[in-house]
Every structure is written in structure tokens, then in C-alpha cells.
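All remarks here apply to the structure that follows.
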Amino acid sequence: MADLSIENAGLLVLDKAAGVTSHDMVAKSRKAFGTRRVGHAGTLDPMATGVLVLGIERATKLLGLLSLTTKSYTATIRLGQSTDTDDAEGAPIGTFDTSAVTDDQIAAGVAELTGEIDQVPARVSAIKVDGKRAHALARTGEEFELAARRVTVSRFDVLDTRHTDGFIDLDVEVDCSSGTYVRSLARDLGAGLGVGGHLTALRRTAVGPFTLERARTMDAVTAQPGLSMGIDDAAKLCFPLRDISDDEAESISQGRWLEPIGHKGVYTVVDPSGQAIALVQEKGRRASSVMVVRPANLR
């Protein structure tokens, strides 16, 4: 159990169950921890299970800064049928004969969807279109187009292939950049093969450095509330580190700045005792705090 000494602030890594929303998990965590200050770093669809990272108390400020750029999934793709949501929760909009599809064709299709690709998000995604969520527009039947976005699929491996009732089910593992939709990979793989495709199962196994090994179920958290990781440890795990002196730590914790060292991106400054003091970003001749992890009154 994590150290709760810094205002009970830190991260909670959940193993989300199927059939509930990410917002449901936030609401239950607010009740369990007795605070309104709970937020999540990236949603999971109700159908999906697995790693969901929540910020508690002041750690909510950390969520937008976390370098959680890589996500990993296990999934099952069904070839031979398209749905209006690109997953099993949607209505079928086309069923196709898969008897001529070969393993080599599937491998070639997967290869086309690996690396840097331009991907059109799912129509039921949370992307905003003219200020409204795409999934809300899709439910009303309104016509709209989503622009393709450049994403990176660093791993797209087929682990098992099964032929079932005229369909081809593929168990896959995917490592990808933030903003990649595995449902869209299923849709595009099926479209490329001319047989349609959709997702029937999705489990997120990692978000950045946070894996299922760190995750707790919501039932376990409700029974015994506790952080997975305090804000100090989270800041040190998720960002590069820079050692600073006690005088520099005092200065940055009170809102002043440090001399830059030529580092790009956000990093964590750590005092001689090993405590994370602040998240810092360099601009010009200043290394300024973007978030104080340990304010002066807590040092």
C-alpha cells in the first residue's frame, strides 16, 4: 500500500471490469476515498477491461502531464462481419464470406496496419465534432466525418486464428501510441481483406509504466481504499529525473525557477533526500515548474 502522507495524493491503478464506464470508476473512487478530486488518464469503453489510471487529490493535476504515450492491449478481432460501432456492441451492417481468406493475406493486412499509419477514429469515439462528442452524434443518426490521425502501432501480433461459424476470429496483441483505436484496427483489417471486421473483446494490459500487475479491482478498492502509488513515487516513475540541491529544492517549491540543463520535455527534480519536488519544463533561460509535487509547506 502506498504512502498516504502527502495529502492522500497519488495514483490508483484499476483493473476495470466489463460493462461499466470509466466515469463509473471515478464516481466509485470518489466515494471510496471521500473526495471529489478524482480524475482518469484516458477512458476505456464499457466493453473493455483492464488498466485504468486514476489520479486522487492533487495527483489529478499530474494526469495531463503523465507521459502515458504507449498503451498495450490484448483483443479478439472477428473477420467476416462489420458493425456500426466497429465492436460487438453495435448492430451488424454487413456479413461476408471468409472462406477464401488465407493466413498470408491476414499477415499482409496486419503488416499494412503496423508502424506509423493514418487512422480514422471509430464513429463512437469521444472525439469532439463541432463541440459535440462523436459517439453522441452517432446515436442521433447525424451524418459526420472524422479526419484521419497519424498514430503509431509498434506491435500488432496475431497469437491465434480460429474459424467459427463462417467467421475468422483472431486473438491479437497490440502496442500503440495514445489516441490509437483498436476497434479501428479491426475495422480496417476487415475492410482491407474485403470481408469486414469488428472487435469482440478488448483488454488493456498496460498504460505507460502501469501494468495489470499493479492494478486492483474496484471491489478491492471499495473494501480497502488505498493508493497504488503516492504522488512522489508517480512523479519519479513517469518522468526523467534531475538531482537538485536543498537550496534549489526550496527555491522551486516556492515558485521560483532553476537554471536549465538543456533537457527537452517535462522532468522531475529530486532533492538530496530523494523526494520529488516538482515537475519542470525548460523554456529559454528558465527551468520553471509546471507542477509542484511537494510545496514548501509540506517539505
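Restricting the first member to the range 30-47 and to residues that are crowded, with 16+ Cβ neighbours inside 10 Å, and the second to residues that are acidic (Asp, Glu) and in a loop (DSSP other than H, G, I, E, B), the beta-carbon pairs closer than 6 Å and six or more apart or on different chains are Met47/Glu89.
May I ask you to verify whether Thr200 is of a type in the set (Ser, Thr, Tyr) and within 15 Å of the chain's Cα centre (by Cα)? So Thr200 fails the test. Only residues that are closer than 22 Å to Ala59 by Cα and modelled with pLDDT under 95 were counted across the range 238-266, and they come to 14. The C-beta contact set for the range 207-234 (first residue under 16 Å from Val38 (Cα atoms), second residue part of a helix (DSSP H, G or I) and of a type in the set (Phe, Trp, Tyr), distance under 7 angstrom, 6+ apart or interchain) comprises Pro225/Phe33.
For the residues Leu241, Leu279, the requirement of being aliphatic (A, V, I, L, M) and buried (at least 16 other Cβ atoms within 10 Å of the Cβ) singles out Leu279. Residues in the range 191-208: is at least one touching a strand residue (DSSP E or B) at 6+ places or on another chain (Cβ under 9 Å), of a type in the set (Gly, Ala, Ser), over 21 Å from Leu65 (Cβ atoms) and part of a helix (DSSP H, G or I)? Yes: one or more hits.
The single residue among Asp271, Asp247 that is among the acidic types (Asp, Glu) and surrounded by 17 or more Cβ atoms within 10 Å (Cβ to Cβ) turns out to be Asp271. Of the listed requirements (1) more than 30 Å from Ile277 (Cβ to Cβ); (2) buried (at least 19 other Cβ atoms within 10 Å of the Cβ), Thr222 misses just one: (2). Considering Asp97, Asp86, the condition of being among the acidic types (Asp, Glu) and at pLDDT 95 or above is satisfied by Asp97 alone.
The values are calculated or read from the model by the stated rules, or taken from the named source; none is laboratory data. Model, not experiment: these values are computed from the prediction. With ideal geometry, Cβ positions are generated from the backbone for all residues, glycine too; neighbour counts draw on all protein chains shown.
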